[in-house]
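What follows draws every value from the coordinates through simple rules; no lab data is involved. Since the structure is predicted, the reported quantities are computational estimates derived from the model, not experimental observations. Here Cβ is always computed from backbone atoms with ideal geometry, including for glycine, and neighbour counts include all displayed protein chains.
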Amino acid sequence: MIIVHVHVHVKPECVEAFKTATIQNARESVKEPGIARFDVIQSTEDPTRFILVEVYRTPEDPARHKETTHYQVWRDVVADMMAEPRTSVKYVNIYPDDQGWG
């Protein structure tokens with residue numbers, strides 16, 4: 001599995017609109033066969049900061065996700081809501097795993 005943490009800093013006046021658009025994207029994303037999980041989390045210390053936790057089944061699935069209409073709509077809708085460009089970090093899970101190690 002590939003786990004992607006997308007870090008987003010939103011303009012204060014856009015927090016609610018960002019949440020609405022992002023939850024809609026997440027609801028559609030979990031319907032994709034290549035997505036095992038899609039969480040939207042918000043900082044308790046700074047409500048303008050979010051992390052999208054995207055869990056993909058294969059290394060090819062993040063690219064497939066970016067080809068979907070719901071992702072492209074989300075990307076365009078939230079572009080002007082960002083206080084700074086979003087960043088992402090990719091991880092692989094080591095436990096639990098699907099190889100029988102854990």
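Annotation for the range 74-91: at least one member residue is assigned to a strand (DSSP E or B), of a type in the set (Lys, Arg) and under 12 Å from the mean Cα position of the chain (by Cα).
Based on what the data block shows, is Arg49 without any contact (Cβ under 8 Å) to a residue 60 or more places away in the chain, surrounded by 14 or more Cβ atoms within 10 Å (Cβ to Cβ) and basic (Lys, Arg)?
Here the answer is yes, as Arg49 does meet what is asked.
Are any of the residues in the range 40-50 assigned to a helix (DSSP H, G or I), touching a strand residue (DSSP E or B) at 6+ places or on another chain (Cβ under 9 Å) and charged (D, E, K, R)? No, the range 40-50 contains no residue that is assigned to a helix (DSSP H, G or I), touching a strand residue (DSSP E or B) at 6+ places or on another chain (Cβ under 9 Å) and charged (D, E, K, R). Whether a residue is surrounded by fewer than 11 Cβ atoms within 10 Å (Cβ to Cβ) and without any contact (Cβ under 8 Å) to a residue 60 or more places away in the chain was assessed, and Tyr95 passes this test. Of the residues making up the range 26-84, those that are polar (S, T, N, Q), in contact with a Lys or Arg (Cβ under 9 Å, 6 or more places away or on another chain) and under 16 Å from Val8 (Cβ atoms) are Gln42, Ser43, Thr48.
Within the range 78-88, not a single residue is farther than 15 Å from Val6 by Cβ, among the hydroxyl-bearing types (Ser, Thr, Tyr) and either loosely packed, with under 14 Cβ neighbours inside 10 Å or touching an Asp or Glu at 6+ places or on another chain (Cβ under 6 Å) (or both). The condition of being part of a helix (DSSP H, G or I), of a type outside the set (A, V, I, L, M) and without any contact (Cβ under 8 Å) to a residue 40 or more places away in the chain holds for Arg64. Only a single criterion out of (1) crowded, with 16+ Cβ neighbours inside 10 Å; (2) out of contact with any helix residue (DSSP H, G or I) (no Cβ under 8 Å at 6 or more places or on another chain) is not satisfied by Ile41, namely (1). Taking the criterion of being more than 13 Å from the chain's Cα centre (by Cα) and closer than 21 Å to Met1 by Cβ, the residues of the range 33-60 that qualify are Pro33, Gly34, Arg57, Thr58, Pro59, Glu60. Sub-9 Å Cβ pairs linking a first residue in the range 4-29 that is without any contact (Cβ under 8 Å) to a residue 40 or more places away in the chain and buried (at least 17 other Cβ atoms within 10 Å of the Cβ) to a second residue that is hydrophobic (A, V, I, L, M, F, W, C) and not in a helix (DSSP H, G or I), at least 6 apart or interchain, are Ala26/Phe38; Ala26/Val40; Ala26/Leu52, ordered by first then second residue.
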